[in-house]
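The values are calculated or read from the model by the stated rules, or taken from the named source; none is laboratory data. Predicted model only: the values in this text are computed from it and were never measured. Here Cβ is always computed from backbone atoms with ideal geometry, including for glycine, and neighbour counts include all displayed protein chains.
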Amino acid sequence: MTEQRPHVLYITHLIRKGHGYPFWYPEPDSSRSMAYTERGVRPGDVGILNDIGGFNYLFNIFCDADDPVNNGNVPPDFQPLRPPSSEPLLVMPGCYRDNITSVDVSYTEISAGMSADATGLARAGASFEFSTTKESAAILCLPKSTTKHEYLNKGAIKEYATANGAAWYNYVNGSQYLARDAPNGSLYVITGCDITDSWGTAAVRKPSHSRSLCFSFTTAGVAGGQVRAGHTWSAGSSIARISAFLCVVLPYPSQRAFSNRMGRRS
């Protein structure tokens, strides 16, 4: 049997939790403009779900073509979708103050004296120990809480995407434009996302000879109100494979833990 790649294992487990699509690579697309990188993913972003568990941003349907976020990189004859004056955008700070795990994973805080402030930020050295008897597991650690951004008028996005989908695929795949060779059904519009600037992801598989699987996540210190780079995973000999990313400190919350998306076919 072919072993699943880490991002496939991670997405397969956590998408069942009902929080949206879990990105294995939640960082903003670094190939795009600085304005986009600083802002991160937001509702209205159109892009491609790539084959390593990330999101390749193309353009935002709510921004003008010459907006720094789009930087002119939009389909021919692009006209943005104009939200009503009472913009139906829900912004909800303080979501997901806890870790999100696949089914039958238990965890315990093992650091003495650890505390969390009003923002849900775990203080220096907070550590969590996870265990499971399942064959595989996925974990999303959130030392800081997330902020939910959700566009409520999804009907307007669906109508707009239906009207413009063919032009989007022509722009993405046309040899005179991006020439991405994106298959039908691979373009998505972000309708909502959960944003954070401190996170850790893991996908693990238990060796056949082991009865259980144990591993831990330790947060970095806190200085000047920011989490320092250096979150770490550790595991015993029972780990067959563990994949994780260190926290990257940015002056803006630009990593998305989950996103809700709407597919678009040509």
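Results, tabulated for the structure shown:
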{"read-out": "Checklist (1) closer than 22 Å to Ala35 by Cα; (2) more than 17 Å from the chain's Cα centre (by Cα); (3) not in a loop (DSSP other than H, G, I, E, B) applied to Asn56, failing item", "value": "(2)"}
{"read-out": "Any hit, the range 73-93, residues being part of a loop (DSSP other than H, G, I, E, B), on the phi > 0 side of the Ramachandran plot and modelled with pLDDT of 90 or more", "value": "yes"}
{"read-out": "Residue that is surrounded by fewer than 18 Cβ atoms within 10 Å (Cβ to Cβ) and under 15 Å from the mean Cα position of the chain (by Cα), where the choices are Asn50, Asn71", "value": "Asn50"}
{"read-out": "Pairs with Cβ under 6 Å, 6+ apart, first in the range 24-36 and within 17 Å of Asn60 (Cβ to Cβ), second part of a helix (DSSP H, G or I)", "value": "Pro28/Thr37"}
{"read-out": "Hits in the range 20-38 (condition: within 30 Å of Asp104 (Cβ to Cβ) and buried (at least 20 other Cβ atoms within 10 Å of the Cβ))", "value": "Gly20, Pro22, Phe23, Trp24, Pro26"}
{"read-out": "Close pairs (7 angstrom Cβ cut-off, 6 or more residues apart or separate chains): closer than 21 Å to Ile190 by Cβ in the range 6-22, part of a loop (DSSP other than H, G, I, E, B) and not hydrophobic (A, V, I, L, M, F, W, C) anywhere", "value": "His7/Gly53; Tyr10/Gly53; Ile11/Gly53; Leu14/Ser102"}
